[in-house]
Amino acid sequence: MDTVKNILSTSFSLALARAYPTICDADAMIQLAKQPQFGDYQANFAMVMAKRIKQAPYDVARRVVQQLGTSDVWDKLEIAGPGFINISLSDAFLQTRLQLLLSDNRLGIPLSTSPQVVVVDYSGANVAKEMHVGHLRSSIIGDTIARVLDFQGHRVTRQNHVGDWGTQFGMLIEYMIQTKQQDTATRQITELNALYKQAKQKFDVDEDFATRARARVVALQGDDKQTTEIWKGLVAISKEHFNDIFTRLGIGLRDEHIRGESFYNDRLADLTQELEHDALARVDQGALVVELEGFIDRDDNPLPLLVRKSDGGYLYATTDLAAAKFRIEVLGADRIVYVTDARQAQHFAMVFAVLDKAGWVSEQVSLEHVSFGSMLGKDKKPFKTRSGEMISLASLLDEASERAARVLRDKNSDLSSTEVVTLASNIGVAALKYADLKTERIKDYMFSWERMIAFEGNTAPYLLNAYVRILSVFRKGCLTLQEVVEAGGRIVITNGRERELAIRLLELPDVVETLGKELLPHRLCNYLYALASTYHRFYEACPVLLADTIELQHSRLALSALTAQSLKQGLELLGIHTVDKM
RNA sequence: GUCCCGGUAGCUCAGUCGGAUAGAGCAACGGCCUUCUAAGCCGUCGGUCGGGGGUUCGAAUCCCUCCCGGGACACCA
C-alpha cells in the first residue's frame, strides 16, 4: 500500500513532467498543510521551479494544476499566495483509504521494496559491571531503530558489542585470585561491581599488583585454563544481569545478540598485518598507525588512527575495524548503524575513513553513527547520584515503578493493589523510554521524573491514557478492539473533528517511512502525541456509542479502533507496551 | 589551538528540501462534568528564533563573523 504523500507526489510528478517535459528531476515538494485554511496537503514546487525557468510562480502552478485535471483523490486544488498549491482531499478518498487501513494489520505502513541487511549495534554494556544510566539511551534508541527497520521488512541483525575484553579483566581476575574470591558460581553482579572498584583502587596504588594484573591479561589472551574459567564465569553472570535488565526494560536483546570485543580478538593480528602489508599503516613511535586526511591533533599535527599500541596491544579502534569487516563480509550488511553517544563522533569518523581507505567497505554499504547527547540532571550537569556515582539501571527502574504507582494510587482508587504494581512497572518503563525518545536524539536531554511521569502533555502516560480511553468506550459498548476491527464498520466523514482525525490516521505510514531513513524517533513521538490530542478533541465533540444513527456509531467505532491500533502499533515501534486500563 | 554539536516563550521542547501569520506542553489565569475515564477539552497570557552582516521574491532554516554552553582531539573504551 502506498502512502498518501507518495500518491500525491506521483500524481504531481506526472503532471510536472507533462507541463515541463524538459525538466525531469523536479520534486513536487508535497507536505502536510501548515494551516487548516490551506487545505490538507500542499505542494510547494512552483516557487523553486519558477526560479529555475525564470517564469512567474503563479503561472507555473496554474500550468501544472491544468495538467492534473480532476481526480478521485482530491476535490479541490487552490493556488494561493505566490504559488502554493493547496490540496483538499476528497471525503470519498479519505473514506476509502481508512477502509483499507481497517482491513490491513500493518495500518498502511509499507514493506520496503528494497529490503536490506541492517546491523544495529547498540547497548554495549561492560561485563562484570552493572548496567547504568550511561547505557540507557543507546539501549532505548537502538531498540526503537531495530524495531522500526524490522517492521519495514529489513533483515535486522542486532549486535550487543559488549566490553568483555582488555586490561580491566586482567586486573579484576588477578584481584579475585589474590583475595581468594575467584569462585564465580554464586556471585551477583553487584558483588563483581564492588570487586572491580577494589581492584581498580589497588591497581592505581600498588605497582606490584599492577604488574601481576598485566601478566594476567597475557594469561587470558594465552588461554590459560584458570584465568579463562574465571573469565567465563564473569561473562555468564553478566549475561544473566543483561537479560534481567533487558526484560524489565522491554529491550529486544538476548544472548544470541551478544558479540563482544573478545569475539574479534583473534582477527586483530591479521587485520593489522593486512593494513601494514598494503602500506596503509606504518609504525610511528613504536605504534602502528593509519594516516588520515582531515584530522588534526591539539598541536596542529596530522592525527592518525592508532591500531596497535607500542607494547603490541590492540585498541578499541582495531576491534571496531574488525567488527565492521565481519559485519560486511560475514553478516552481509548493507547498512551498519552504530548507536553510541555523540562524544564518539570523531572516533567513528576515523574508523569509517580507514574502512574506506582499506577498501573494506563498498559504496553500496552505508555506515551510520547514530549519535545522541548526554543525560543531564536538573542542574544541567551529567545525571549522577549525589556522591557522583553512576545510577544503576536496576535502581532507576525501581524508582520509575514506585513513582508511577504513587500517581496511579493518587488518581484511580478502583485499581487493586496487585493491578497497581503490574501497571506501575509498565507505565514507569514507558515513561522512562518515551522521555528519552521524544527529544531530538543529538541534543543533550534533561532528565526529570516529574515531567516524564506526568499524565499531562507529551508523555507516555498521556498516550497510554488515550488508548485506554478508547478501550473503555468499547467496553461500555460490550465490544473488544478486535471485534470492532473485524466488524469493519463503514466510515463516513460528517464533521471537521472526524475529518481531522482521518487525515491524521492516514499520516502514520509516511511518518514510519521517514523514520526508517532518518532514524529520528522523536518524529514518531510527536506524531503519536498529535494523534492522541486529535482523538481527544474528536472524543469531546463526537459521541461514539450515543451517536445519532447506527451508521454513525459504526463509523465512529471504526475511527476509534483505527486510532487505538495506530497508538498501539506506534508505541510498540518505540518499544512501549500499551495497557488495557489505568 | 583545530574540529564537532547545541543556543527558539519564564521552564522543557517541536519546527521535515529555504516557503504563507514561528508551534506544543508545563507553569499562571479563566471557562466546561445528570451524558463513552475531567488522567480530558476550550480560551487568555507569553517571542529582537544568541548578536551582527550577507544571499534570496521569501531565512529559525543557507553563507560569513562574533558571543555563550557542551564535547572530541595517540598508545583507556
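No value in this document is a laboratory result; all are computed from the given coordinates. Note that this is a predicted model, so its numbers are computed, not measured. Glycine also receives a Cβ, built like all others from the backbone with ideal geometry; neighbour counts cover every protein chain displayed.
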>> Cross-link candidates for A:Lys378: which aspartates and glutamates have Cα within less than 13 Å, leaving aside residues fewer than 8 places away along the same chain?
In response: A:Asp444, A:Glu450
>> Given the options A:Asn160, A:Ser392, A:Asn193, identify the residue whose Cα lies farthest towards the positive end of the charge dipole of chain A (+1 on Cβ of Lys, Arg; -1 on Cβ of Asp, Glu).
In response: A:Ser392
> Under 26 Å Cα-Cα from A:Lys384, which lysines qualify once same-chain neighbours fewer than 8 residues away are excluded?
Replying inline: A:Lys129, A:Lys197, A:Lys200, A:Lys202, A:Lys239, A:Lys433, A:Lys438, A:Lys443
> Separation between the A:Lys225 and A:Ser71 pseudo-spin-labels, each 7 Å from Cα along Cα→Cβ, expressed in nm?
Replying inline: 7.6 nm
>> Can you order the peptides A:513-522, A:28-37 by their average number of other Cβ atoms within 10 Å per residue, highest first?
In response: A:513-522, A:28-37
> Can you give the helix-only mean residue ellipticity at 222 nm for chain A, where every DSSP H stretch with n ≥ 4 adds -39500 (n - 2.57) and the sum goes over all residues, rounded to the nearest 500 deg cm²/dmol?
Replying inline: -17000 deg cm²/dmol
> What's the local net charge at A:Leu506, with K and R +1, D and E -1, over the other residues with C-beta under 10 Å away?
Replying inline: 0
> Summing +1 for each Lys or Arg and -1 for each Asp or Glu, what net charge is found among the other residues whose Cβ lies under 15 Å from the Cβ of A:Asp208?
Replying inline: 0
> Between the helical axis of A:550-573 and the dominant principal axis of chain A, each derived from Cα atoms, what acute angle in degrees is found, rounded to the nearest 10?
Replying inline: 20 degrees
> In debye to the nearest 20, how big a dipole does chain A give about its Cα centre with +1 on each Lys and Arg Cβ and -1 on each Asp and Glu Cβ?
Replying inline: 1400 debye
>> Are there any trypsin sites (Lys or Arg not before Pro) in the stretch A:426-483 that are in a DSSP loop and have at most 14 other Cβ atoms within 10 Å? List them by number.
In response: A:Lys443
> Which of A:Phe474, A:Met49, A:Ser11 sits closest to the plus end of the dipole of chain A, meaning its Cα is farthest towards the positive end, when Lys and Arg get +1 and Asp and Glu get -1 on the C-beta?
Replying inline: A:Phe474
> Given the Cα-Cα distance of A:Leu32 and A:Met1 and 0.36 nm per residue of separation, how much length would full extension add, in nm?
Replying inline: 9.2 nm
> Considering amide H positions built from the backbone, and no H for Pro or chain starts, which residues 5 or more places from A:Met446, or on another chain, come under 5 Å of its amide H?
Replying inline: A:Leu376
>> Tell me the angle of helix A:207-221 to the major Cα principal axis of chain A, expressed in degrees between 0 and 90 and rounded to the nearest ten.
In response: 70 degrees
> Using a cut-off of 17 Å between alpha-carbon atoms, which lysines can reach A:Lys225, once sequence neighbours fewer than 8 places away in the same chain are excluded?
Replying inline: A:Lys180
> Against the longest alpha carbon principal axis of chain A, how many degrees, from 0 to 90 and to the nearest 10, is the axis of helix A:4-19 turned?
Replying inline: 70 degrees
>> Using the crude model of +1 on Lys and Arg Cβ and -1 on Asp and Glu Cβ, and no other charge, please compute the dipole size for the stretch A:358-441 relative to its Cα centre, in debye to 20.
In response: 380 debye
>> I want to verify the translational diffusion coefficient of chain A in µm²/s; compute it with Stokes-Einstein, Rh as the Kirkwood radius over Cα pairs, at 10 °C and 1.306 mPa s.
In response: 58 µm²/s
> From the residues A:Gly39, A:Leu98, A:Gly81, which one has its Cα farthest along the dipole of the stretch A:1-142 in the positive direction, the dipole being from +1 and -1 charges on Cβ of Lys/Arg and Asp/Glu about the Cα centre?
Replying inline: A:Gly81
>> Could you order the peptides A:503-510, A:236-243, A:415-422 from most to least packed, using the average number of other C-beta atoms within 10 Å per residue?
In response: A:503-510, A:236-243, A:415-422
> Which whole-angstrom value gives the distance between the alpha carbon centres of the stretch A:237-295 and the stretch A:64-108?
Replying inline: 50 Å
> If you count, for each residue, the other Cβ atoms within 10 Å and average over each peptide, how do A:276-285, A:294-303 line up from highest to lowest?
Replying inline: A:276-285, A:294-303
>> Net charge within 13 Å of A:Met131 by Cβ-Cβ distance, Lys/Arg positive one each and Asp/Glu negative one each, not counting A:Met131 itself?
In response: +1
> Once you charge only the Cβ atoms, +1 for Lys and Arg and -1 for Asp and Glu, what is the size of the charge dipole of the stretch A:460-573 about its Cα centre, to the nearest 20 debye?
Replying inline: 240 debye
> What list of ³J(HN,Hα) values in whole Hz, one per residue of the stretch A:52-69 in order, does the Karplus curve 6.51 cos²θ - 1.76 cosθ + 1.60 (θ = phi - 60°) give from phi, with Gly and Pro shown as x?
Replying inline: 5, 9, 6, 10, 6, x, 4, 5, 4, 4, 5, 5, 6, 4, 4, 5, 5, x
